[in-house]
């Protein structure tokens, strides 16, 4: 688990029914770090955490960037 704590992984898993949570599950499985994703998408790490835990949804533009980056 590249940089993902057990607690964060559980929060992401619980949010897997959201768009961001589903992408977070993929990121954890592929061991792609939040810092790397944030850099490539052009947002803060906090923003990525919020998306992955289902607190907020990525904008359509950022969603496309995430999907390209994560291969979905």
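Values quoted throughout were computed directly from the atomic coordinates according to the rules given, and no laboratory measurement underlies them. Just so we're clear, the structure is a prediction, and the values are computed from it rather than from any experiment.
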Length-normalised contact order of the chain in % [C-alpha pairs under 8 Å, at least 6 apart]: 35 percent
Scattering curve values for the chain, log₁₀ I(q)/I(0), Debye with Cα scatterers, q = 0.16 Å⁻¹: -0.43
